[in-house]
Amino acid sequence: MPLLEVEDLYTQFDTSAGTVRAVDGISYTVNEGETVGIVGESGCGKSVSALSILRLIAEPPGRIASGSIRFAGRNLLTLNDAEIREVRGGQIAMVFQEPMTSLNPVLTIGLQLCETMEIHLKLSPQEAQARAIELLDMVGISEPAGRLQQYPHHLSGGMRQRVMIAIALSCKPKLIIADEPTTALDVTIQAQILELMKDLTKRFGVALIIITHNLGVVARYANRVNVMYAGRIVESGTASDVYHRPVHPYTLGLLRSVPRMDRPRGDRLIPIDGQPPDLTREIVGCAYRPRCSFAVERCAREAPRIEEVAGGHASACFERARLLRLLKEAS
Amino acid sequence: MSAVAGAALRSDASRAARAGPPLLEVRNLKMHFTVAGRVFSRKTAAKIKAVDDVSFTIGRGETLGLVGESGCGKTTTGRCILRLEKPTAGEILFEGQNLCELDRKALNEKRERMQVIFQDPYSSLNPRMKVGSIIGEPMKVHGIYPNEKERDQRVAELLLVCGLNPKFMDRYPHEMSGGQRQRVGIARALSLNPEFIVCDEAVSALDVSIQAQVINLLESLREQFNLSYLFIAHDLSVVHHLCHRVAVMYLGRLVELADSDELFAHPLHPYTQALLEAVPIPDPDVEKQRAHRVMKGEIPSPINPPSGCVFHPRCPLAVSSCRQEVPQLRELKPGHWVSCPRV
């Protein structure tokens, strides 16, 4: 049985411009100890889908309209406030993008680390402090004992993200959700943090959901990938399947739009024309149709459901057979 | 055209462009800022060497990439060239004339020919101006097309060139998407028919699919108007794609400079090597075969930079002499410059 099972999740926001269907019926699973990547561009619903798992959507204006999120056998959407608080930071931890804003600037590092452990693991202050030092050492922070008294502004961006990872790991979670964990960091620091997360999740058998717009990061770290567009998962599969045998025109478009450093400079990039749709308006048919070169008449009437193509590789496209054939011919 | 033939053609074009005298030459540029100490403190103010002894050239029709991590001085270099800062020392020769010695009037004339595209399409456009006035303003200031009708016609042309509907003239920036705003920023930069444009992280804020559109636009504009770009960016894949030559900066200094394909295939400086290794490639099979070595440590504070070679505390090749001697750039292969005595 998978560790996390998201089924038919709909998350919506009521705004003055209308209802934004940020997450529009997504389903996916995460197995124990595996790393799942969620990729997509701004506004595709990848962050909202992750926040929904921990019920961190502000209500109002947001609401989880329907669906179920089963984690270790329990439906997180039916838990009461006290129960979900136990899950948050305890069994499921989160690492956010902005290490500058996700730590409390007026509290010491030590307090922020110990607080979660005292609450979730019921440790005494002395025990918590000893474990905090151990954790800081583990995430590669020098002189860990002295750091407990420091404030977030004493640390660099990379160091703060290490502290965030230490907090996330502190209560021995089964799942960590990392939302753009390295986007704000420089490339060499990004590599340090990602390598650290990979090593630690492997060592402790923690499952990881990594949310990013960076196709390279997913290629390097994820076992399986979900590609999102306009609130839906349009393709999912193993990293190798999705990158080498894409069965959705959007995935193919994304892969062709990114320049590759490992190949000699060649011709122009092949961008995707147009822009993502406005999610406040109701979308009839496939949301990607206006930008899609494979679109047929049926795409304007019906929204394709995501269906399995072969062994765990799924696509939400009516024309996937034609796409697959063309790619085979081209290679 | 096949990819290979395309690449060959392009490198021919860039070679031809580089044959003539350079459009821009930066010689031993230094930009030092003094940081005030605390109020009432008697401590002497600290000095930050944001740019320290940087030299390079840019030919006509050439794109030079300037890469490095935050705080390495790449943006300050761009600002100095545009004379938005007054450099502490060094020369900036634009068509042979030193911009550091020009008076205000002469400088303003030169400024018609060098423009800038900024990173953030949200904050670099005045939210209270319509797109038409944003693009038209530089022409108004410099007295080109003083007639309003002619100016509007030129704005419409520029919008078309940048792939926007001329009707957008009457819109405000908030009515447009990020990609469209960046196109407005590009149209504004083109309005005075410049020869040289500083693109400071011009595509960094854009989503992948939109980024590719803007990259292609910048390339076709360069060909169409024989523009030269200084392309400042931290995304190495984009820089590799767009630039003929690439310069790598670290803590205010130039550490390596070479042809784009040469630099990415055979990086020589240990910092460049670490930088390239850190960039993930969007291909899981390629990634599996790469050694994910991680460079230790963080960028030191520019207020108190390491002695000798600024990279020595993080460098795998460092020996004791690296702590004392400041390395100079030397040409190891034709056109490939490195500032490390150990490679």
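Summary table
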{"item": "Sole residue being surrounded by fewer than 17 Cβ atoms within 10 Å (Cβ to Cβ) and within 14 Å of chain A (Cβ to nearest Cβ), chosen from B:Arg293, B:Arg323", "result": "B:Arg293"}
{"item": "B:Ala202 being in contact (Cβ under 8 Å) with a residue 24 or more places away in the chain, aliphatic (A, V, I, L, M) and assigned by TED's automatic domain parsing to the domain that holds B:Val141", "result": "no"}
{"item": "Counted residues, segment A:230-249 - those being more than 10 Å from chain B (Cβ to nearest Cβ), not in a loop (DSSP other than H, G, I, E, B) and not β-branched (Val, Ile, Thr)", "result": "5"}
{"item": "B:Lys49 vs. criteria at pLDDT 85 or above, more than 17 Å from the chain's Cα centre (by Cα), away from chain A (no Cβ under 14 Å) and closer than 29 Å to B:Ser307 by Cα", "result": "yes"}
{"item": "Unique residue being touching a helix residue (DSSP H, G or I) at 6+ places or on another chain (Cβ under 9 Å) and either assigned by TED's automatic domain parsing to the domain that holds B:Met249 or not in a loop (DSSP other than H, G, I, E, B) (or both) when the list is B:Cys340, B:Cys322, B:Cys309", "result": "B:Cys322"}
{"item": "Counted residues, segment B:145-187 - those being touching a helix residue (DSSP H, G or I) at 6+ places or on another chain (Cβ under 7 Å), more than 14 Å from chain A (Cβ to nearest Cβ) and not in a helix (DSSP H, G or I)", "result": "3"}
{"item": "In segment B:234-249, the residues that are buried (at least 23 other Cβ atoms within 10 Å of the Cβ) and within 27 Å of B:Ser301 (Cα to Cα)", "result": "B:Val239, B:Val246, B:Ala247, B:Val248, B:Met249"}
{"item": "The listed residue being closer than 26 Å to A:Gly158 by Cβ and either touching a helix residue (DSSP H, G or I) at 6+ places or on another chain (Cβ under 8 Å) or not in a loop (DSSP other than H, G, I, E, B) (or both), out of B:Glu219, B:Glu223, B:Glu287", "result": "B:Glu287"}
{"item": "Candidates A:Thr188, A:Thr182, filtered to the one that is among the hydroxyl-bearing types (Ser, Thr, Tyr) and surrounded by 24 or more Cβ atoms within 10 Å (Cβ to Cβ)", "result": "A:Thr182"}
{"item": "Top-ranked residue in segment A:182-213 [being at the interface with chain B (Cβ under 7 Å from one of its Cβ atoms) and part of a loop (DSSP other than H, G, I, E, B); ranked as farthest from the chain's Cα centre (by Cα)]", "result": "A:Asp186"}
{"item": "Verdict on A:Ala93 being within 30 Å of A:Gly146 (Cβ to Cβ) and assigned to a strand (DSSP E or B)", "result": "yes"}
{"item": "Residues within segment A:21-42 that are modelled with pLDDT under 90 and surrounded by 18 or more Cβ atoms within 10 Å (Cβ to Cβ), tallied", "result": "1"}
{"item": "Output for segment A:277-303, where each listed residue is under 11 Å from A:Glu319 (Cβ atoms) and polar (S, T, N, Q)", "result": "A:Ser293"}
{"item": "Qualifying strands (runs of 3 or more DSSP E) (wholly inside segment A:17-85; at least 2 residues being farther than 17 Å from A:Leu3 by Cα)", "result": "A:18-30, A:62-71"}
{"item": "Cross-chain or 6+ apart pairs with Cβ under 8 Å, segment A:72-95 first and over 23 Å from A:Ala166 (Cα atoms), then in a helix (DSSP H, G or I)", "result": "A:Leu76/A:Ile53; A:Leu76/A:Ile84; A:Leu76/A:Val87; A:Leu79/A:Val87"}
{"item": "Subset of segment A:250-269 [within 7 Å of chain B (Cβ to nearest Cβ) and either under 23 Å from A:Gly45 (Cα atoms) or touching a Lys or Arg at 6+ places or on another chain (Cβ under 8 Å) (or both)]", "result": "A:Gly253, A:Leu254, A:Leu255, A:Ser257, A:Val258, A:Arg265, A:Leu269"}
{"item": "Members of segment B:90-107 that are in contact (Cβ under 8 Å) with a residue 24 or more places away in the chain and either in the same structural domain as B:Met139 (by TED's automatic domain parsing) or within 21 Å of B:Met31 (Cβ to Cβ) (or both)", "result": "B:Gly90, B:Glu91, B:Ile92, B:Leu93, B:Phe94, B:Leu107"}
{"item": "Qualifying positions in segment B:212-233 - at the interface with chain A (Cβ under 9 Å from one of its Cβ atoms) and touching a Ser or Thr at 6+ places or on another chain (Cβ under 7 Å)", "result": "B:Ala212"}
{"item": "Qualifying residue in segment A:260-274 (condition: more than 30 Å from B:Leu276 (Cβ to Cβ) and surrounded by fewer than 18 Cβ atoms within 10 Å (Cβ to Cβ))", "result": "yes"}
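Each row is one residue, and each column tells you yes or no for (1) in contact with a strand residue (DSSP E or B) (Cβ under 6 Å, 6 or more places away or on another chain); (2) away from every other protein chain (no Cβ under 11 Å); (3) of a type outside the set (Lys, Arg).
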residue: B:Ala247; (1), (2), (3): yes, yes, yes
residue: B:Val255; (1), (2), (3): yes, yes, yes
residue: B:Leu263; (1), (2), (3): yes, no, yes
residue: B:His266; (1), (2), (3): no, yes, yes
residue: B:Val286; (1), (2), (3): no, no, yes
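The values are calculated or read from the model by the stated rules, or taken from the named source; none is laboratory data. Quick caveat: nothing in here was measured; it's all calculated off a predicted structure. In this analysis, Cβ positions are derived from the backbone assuming ideal geometry, glycine residues included, and neighbour counts consider all displayed protein chains.
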